[in-house]
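**Student:** Input: one structure, supplied below.
We did not get these values from a lab; they are worked out from the coordinates using the rules stated. On a predicted model such as this, the values are computed, not experimentally measured, just so you know. Here the Cβ positions follow ideal geometry from the backbone for every residue, glycine too, while neighbour counts run over all protein chains shown.
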Amino acid sequence: MKILITEEQYRILIEQKVKGGEITPGKYVIHSSNPLNRDSISKNGIKTSLGECYLIYADSNYEEDDECVPAVFATNSLKKKDLFDSTYDDDLWVIDTEIANVKWFKDAHFKYDTYPHIVTFEDIPVESVRLVYKGTGRSLLDTVYLGDDEVSIN
């Protein structure tokens with residue numbers, strides 16, 4: 001017997017593979033993004049999307065026919081050691097969560113106690129984001145030293 005579900009029910013099922021428990025983050029969280037997105041984010045804010053890292057890292061959590069749900073990922077910490085490492089020198093954007101006013105969830109791809117990564121399924125308005133680091137887009141594996149892991153991002 002084949003059970004049919006609506007597109008909304010399917011989206012919710014896939015969302016559950018990304019979404020941990022709801023969380024109230026600190027006032028500021030960090031979103032990392034490819035520098036190619038800089039102009040768009042500066043003009044439009046951070047839009048939910050299916051980013052390259054998301055598609056790569058999500059593969060192991062999904063069934064063959066599953067599709068990713070557009071999302072915005074961030075880190076609920078300002079410490080360099082906690083930031084998501086895409087292995088590239090990404091732009092870093094601070095999101096003021098009070099201004100953004102969206103629901104945040106623990107990122108189910110990571111153990112939250114070790115990696116404080118969070119996710120939302122809502123767009124982040126431009127007035128709540130600020131570019132704090134301009135990345136080069138180059139691979140970090142051989143080009144950039146990020147310095148002390150315990151230092152907060154200013």
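**Student:** Given 0.36 nm per residue, what is the gain on full extension from residue 98 to residue 130 after removing their alpha carbon distance, in nm?
**Tutor:** Value of the extension gain: 10.2 nm.
**Student:** Moving on to the next point. Mind sorting 121, 73 by how few other Cβ atoms lie within 10 Å of their own Cβ, fewest first?
**Tutor:** Listed from fewest to most nearby Cβ atoms, that is 121, 73.
**Student:** Taking neighbour counts of Cβ atoms within 10 Å as a proxy for exposure, in what order, fewest first, do 72, 129 appear?
**Tutor:** By the 10 Å Cβ count, ascending, the order reads 129, 72.
**Student:** Starting from 0.36 nm per residue, how many nanometres of slack lie between residue 79 and residue 38 once their C-alpha separation is accounted for?
**Tutor:** Difference between extended and current length: 12.6 nm.
**Student:** What length, rounded to one decimal in nm, is gained on full extension from residue 114 through to residue 6, with 0.36 nm per residue of separation minus their alpha-carbon distance?
**Tutor:** Using 0.36 nm per residue and subtracting the Cα-Cα distance, I get 35.3 nm.
**Student:** What does the charge count near residue 44 come to, summing +1 for each Lys or Arg and -1 for each Asp or Glu among other residues with Cβ under 15 Å from its Cβ?
**Tutor:** Within the 15 Å Cβ shell, the charges total -1.
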